[in-house]
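The values are calculated or read from the model by the stated rules, or taken from the named source; none is laboratory data. Because the structure is a prediction, the values reported are computed rather than measured. Reconstructed Cβ throughout: ideal geometry from the backbone, glycine too, with neighbour counts over all protein chains shown.
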Amino acid sequence: MNKYIDRLLSGLDKAVETSARGSARSHGRRSFLARAGASVLGAAALTPVLPFDRRASAAGAETADECSYWRHCALDGNLCSTSGGSLTSCPPGSSASAVSWVGTCTNPEDGKDYLVSYNDCCGKPTVSSATFCYTSEGERPGYRMGLYNDINWCMANTDKGYHCTVSVVVGLAE
């Protein structure tokens, strides 16, 4: 019985060796390295880049009717009202970011300017059915953090995953 297994393994060894040598003759190291490099580059392109930057999503976004609502004048993100929450509250299972950005929006009904706090809701994955808005009126460069909306404001929370954004009126602008 052992002689039979030895012959079988010896034949398997020769078949693998013949296949490996044939592959080595037809495929050089350079073609292997080129394919391996392309695979690594492709995997890197699919991996999210940190910190999270929503400007890439804005390129293909179309402004929906919900985005033209006056409170959304400086909003950059998914509307919580279209992903399980409301205009002012996060969806169940998520929590408001500990930090936020502020915009000054004009209410067309009374002509007054209001301070609007935009809080990201954190802790749940983003859903593709949510309405994405990129209005960004009055946005400032990244060094003016309280007025910059292109970063993931969930960075101050334990759960850092971005889900959506709420618009809360905090007072009359003077």
If you take the residues in the range 1-32 that are part of a helix (DSSP H, G or I) and modelled with pLDDT under 70, which one is surrounded by the most Cβ atoms within 10 Å (Cβ to Cβ)?
Phe32
Of all residues in the range 141-174 being at pLDDT 85 or above and within 16 Å of the chain's Cα centre (by Cα), the one that is farthest from Gly93 (Cα to Cα):
Thr165
What number goes with the only condition from (1) of a type in the set (Gly, Ala, Ser); (2) at pLDDT 80 or above; (3) farther than 30 Å from Phe132 by Cα that Ser39 does not pass?
(2)
Unique residue being farther than 21 Å from Ala98 by Cα, part of a loop (DSSP other than H, G, I, E, B) and either assigned by TED's automatic domain parsing to the domain that holds Ser94 or modelled with pLDDT of 80 or more (or both) when the list is Ser128, Ser136
Ser128
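Being at pLDDT 85 or above, of a type in the set (Asp, Glu) and within 15 Å of Ser167 (Cβ to Cβ) is true for just one of Asp76, Asp120, Asp110. Which residue is that?
Numbers: Asp76 fails: at pLDDT 85 or above; Asp110 fails: within 15 Å of Ser167 (Cβ to Cβ).
After ruling out the rest, the residue left standing is Asp120.
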